Amino acid sequence: MRQPKSHFSKNYVSGILKQYDKSNPSEKITVRTTVLINSDKSFISRKNFSGHITASAFVLDRTLSKILLVQHKNLNKYIQPGGHVDETDESIHSAARRELEEETGFAGGTFVPLNKAFPDIPIDIDIHTIPENSKKQEPEHIHVDFRYVFILENDNQGKISEEEIGDIVWKPISEFERMNSDTGRAVQKINKLISERRDELFFDSVVRTFSLGL
């Protein structure tokens, strides 16, 4: 599972998908990503219209009770921060952190790996269709979105990506718990993570906040 020097290789991505599948067998991720894995193009290239990997961040506040959402102008809806993976990103979860910082202006979010031994295994994977964009000459294609959890201890906000983002809101996590949607599914997993590791997550958050003087 260790990442090779050639970023985001077929073996590396396939390994992540297989590990994810073991914990989430009902989602059948390896079957649903067969076309992507068999593609001879880069898995992260936005020009790979067989589909490509994106990365997003479910960001919790220090109380572990709220989730940060951004208003995406192109999609005209509130979603978690995220976007395409770049070749310069060190990992897929670092791409999620970069997108968080670029879109919201919030830096210093603490990454919470689901699997500490293999941190690029996401808490959730969502496969969704992106509509045709004639302006960018992009046909309809799929995004395989790798989703990761972060805790935001520092409320200091820099410049947001005004080209893409119209608004930023915090929503109670309880609003999503029973939703029959991809967000609801991810939130259920986040709640399970919080339940299993609450003391660790909350204590570490308090320590970091105190050390930052917040």
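The values are calculated or read from the model by the stated rules, or taken from the named source; none is laboratory data. Everything numeric here is computed off the predicted structure, so don't read it as measured data. The protein model used for the area step is the full one, side chains on, heavy atoms only, and it has no ligands, DNA or RNA in it. Shrake-Rupley method; radii C 1.70, N 1.55, O 1.52, S 1.80 Å.
Expressed as a whole percentage, what fraction of the accessible surface of the range 18-132 belongs to carbon and sulfur atoms when a 1.4 Å probe is rolled over the protein heavy atoms? The value for the range 18-132 is 50 percent carbon and sulfur by accessible area. Rolling a 1.4 Å probe over the protein heavy atoms gives the chain an accessible area of 54 Å² per residue.
The angle between the Cα long axis of helix 182-212 and the main principal axis of the chain comes to about 50°, on a 0 to 90 degree scale.
For helix 10-23, report the angle its Cα long axis makes with the longest principal axis of the Cα atoms of the chain; keep it between 0 and 90° and round to the nearest 10°. The two axes meet at around 60 degrees. Every Cα-Cα pair of the chain was included, and the share exceeding 28 Å stands at 27 percent.
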